[in-house]
1. Is there a residue being more than 22 Å from residue 157 (Cα to Cα), in contact (Cβ under 8 Å) with a residue 60 or more places away in the chain, outside any loop (DSSP other than H, G, I, E, B) and over 22 Å from the mean Cα position of the chain (by Cα) anywhere in region 348-362?
2. If I go through region 230-284 residue by residue, how many of them are closer than 21 Å to residue 312 by Cα and in a helix (DSSP H, G or I)?
3. Working only within region 114-129, note down all residues that are in contact (Cβ under 8 Å) with a residue 40 or more places away in the chain and surrounded by fewer than 16 Cβ atoms within 10 Å (Cβ to Cβ).
4. Would you mind telling me which numbered condition in (1) under 20 Å from the mean Cα position of the chain (by Cα); (2) surrounded by fewer than 19 Cβ atoms within 10 Å (Cβ to Cβ) residue 331 fails?
5. Inside region 334-359, can you point out the residues that are over 25 Å from residue 270 (Cα atoms) and buried (at least 22 other Cβ atoms within 10 Å of the Cβ)?
6. For region 130-145, indicate whether the set of residues that are part of a loop (DSSP other than H, G, I, E, B), buried (at least 24 other Cβ atoms within 10 Å of the Cβ), touching a residue at least 12 places away in the same chain (Cβ under 8 Å) and assigned by TED's automatic domain parsing to the domain that holds residue 53 is non-empty.
7. Hey, among 97, 110, which residue is loosely packed, with under 14 Cβ neighbours inside 10 Å and touching a residue at least 60 places away in the same chain (Cβ under 8 Å)?
């Protein structure tokens, strides 16, 4: 089977519009999670990580008229455009596929005021994918991956498999989500939101912080395109479902453990670092500690990026994979922002400060509503 190389990436979040800007914020220990007062989202103040609306519109204006595209569409197109700028790949090629990863897409269009000027079907995920196809003159029909909070990680797994099996030579994986009234109200109904920046794996964690953003990874089978790029390869990876509860993960971590075990079984290399889902909710963090311990990874350094930019839903698996890839390239483990004291029953090696480390392989894991789980390896 063919190797799958990562040749370009991008992150757009509250911390910046490029991968480099986000990494610099990590190194400075900055969080994008702040207290906001926006009546279009909530009648009361709320903590979240939001992308600056004016900055986004300004960045998008270099590509097209912002008034003709929704915020979600602007995020995706800006992220894809930035990642493409570092490659020679043309999306109109017959051997190129675009995969869209999201949980809610243009969900803010449920509000008639927001939808004004946009056709009703704009809310459908397939329509957003088709819009991106037209914008970039894509040859092939896009693929939409929407599987709760593992959407981004699963999209990468699928993209890598399609290249490895010979169906495509290049795959552009891009994902995003917005913080909207619908999303905020939904998580509020679970009483799962934190009053302040979240604290993954910490003893005093109170819940998750929501975030919005977009990310893009470009995968290829062409080793020549990866030259000078440390030859980062993606895969193998697996997904699973613990079939436990619509919103609660298995207490035994069974689903995630199965995904991790099957992924590691396909590799002859050890794991130097784990990028966890790490939402800072009691059940998720505890479940991950159980699954990692069962998989024998309790001594491997593990971190969560949620304290920097919150939980970005359909973008999370992608932008956190990008951050992990940059950790490998820079041989640097990033601090789990908000973490101070271990707050899970199965001791795991949570990264509590940014420090140098030799990283040749890292494992990205994710879990989501409905019991879905995903695990994938990246190698240098």
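1. The answer is no, given that none of the residues of region 348-362 is more than 22 Å from residue 157 (Cα to Cα), in contact (Cβ under 8 Å) with a residue 60 or more places away in the chain, outside any loop (DSSP other than H, G, I, E, B) and over 22 Å from the mean Cα position of the chain (by Cα).
2. Final tally of qualifying residues: 4.
3. 117, 118
4. Going through (1) under 20 Å from the mean Cα position of the chain (by Cα); (2) surrounded by fewer than 19 Cβ atoms within 10 Å (Cβ to Cβ) one by one, residue 331 breaks only (1).
5. 337, 338, 339
6. No - not one qualifying residue is present in region 130-145.
7. After applying the criteria, what remains is 110.
The values are calculated or read from the model by the stated rules, or taken from the named source; none is laboratory data. Quick caveat: nothing in here was measured; it's all calculated off a predicted structure. Quick reminder, even Gly has a Cβ in these numbers, built from the backbone with ideal geometry, and neighbours come from all protein chains shown.
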